[in-house]
Amino acid sequence: MIRIHDRHSTDIPTAGPVLKLRLPAGTDPAIISSLKRGLEDLVAAVLTKTSFEEVVIKRADELAIAITELAAPAAPLIEERIRRQETMRSVFARDDWLTAEQINALQAAPPANKAQPASGWKRRGRIFGVSIGGKEYFAAYQFDAICQPLPVIKEILDALGPIADSWKIAAWFHFQNGWIPDTVERGCQPVAPMDALDRRETLINAASHMHGTYIA
């Protein structure tokens, strides 16, 4: 039996040989039980000529069992994540995207902080951005000829409401939307919101009908 002592220890004496160890001051009490068990296994391995490697393998097996017994992702969740990846590739391949640094450079008087003004615009809900490869990008259709946010973008984002995954917003703008028919050129065929940014009321109405998926 190994009895580990610190100032919080409340071990009760037990029968049998006891090996006492004193822990350094400041040791987190939460780890004591795990440390005690590990040391007991190690001592048992030494005294019974069980190899240290066997102890390590035993611990690895226990960990593997714990991991594999976790609930596996449901098939619908996996399918949803696959659709998300497909959407990301499709949206990013077609549209023009700008980094915060590029938006900064296109300003009449670029701020010294190259993250501005894009960061501030995003924080105030005037534009949205997506992250890919660890870098944030902003769809170019959100800006006018002098790289200022189109007022309708904020109105659309407000109508869409809070959305944690900004790729859903990008998908909404990118894909054809049945709430936005093109009655002039395409015989009532649906068009993508990003191609109808001059139709404010139609866009706001369409945004209010978003179903929360990656495809509108």
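Data overview
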quantity: Residue pairs meeting the criteria (Cβ under 7 Å; at least 6 apart or on separate chains; first under 20 Å from W167 (Cα atoms), in segment 91-113; second loosely packed, with under 13 Cβ neighbours inside 10 Å); calculated: T99/K135
quantity: Subset of segment 154-172 that is crowded, with 16+ Cβ neighbours inside 10 Å and among the hydrophobic types (A, V, I, L, M, F, W, C) - its residue that is farthest from N205 (Cα to Cα); calculated: W167
quantity: Residue among A93, A71, A45, A60 that is at pLDDT below 70, assigned to a helix (DSSP H, G or I) and aliphatic (A, V, I, L, M); calculated: A45
quantity: Positions within segment 111-127 being outside any helix (DSSP H, G or I) and buried (at least 21 other Cβ atoms within 10 Å of the Cβ), in sequence order; calculated: I127
quantity: Members of segment 96-110 that are over 16 Å from L150 (Cα atoms), touching a strand residue (DSSP E or B) at 6+ places or on another chain (Cβ under 9 Å) and part of a helix (DSSP H, G or I); calculated: A100, Q102
quantity: Residue count, segment 204-216 (criterion: in contact with a strand residue (DSSP E or B) (Cβ under 7 Å, 6 or more places away or on another chain) and modelled with pLDDT of 90 or more); calculated: 2
quantity: Residue match in segment 132-144 (condition: within 25 Å of the chain's Cα centre (by Cα) and free of Cβ contacts under 8 Å to residues at least 12 places away in the same chain); calculated: yes
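The values are calculated or read from the model by the stated rules, or taken from the named source; none is laboratory data. This structure is a prediction, so every number in the text was calculated from the model and none was measured. Every residue, glycine among them, receives a Cβ derived from its backbone with ideal geometry; neighbour counts consider all protein chains shown.
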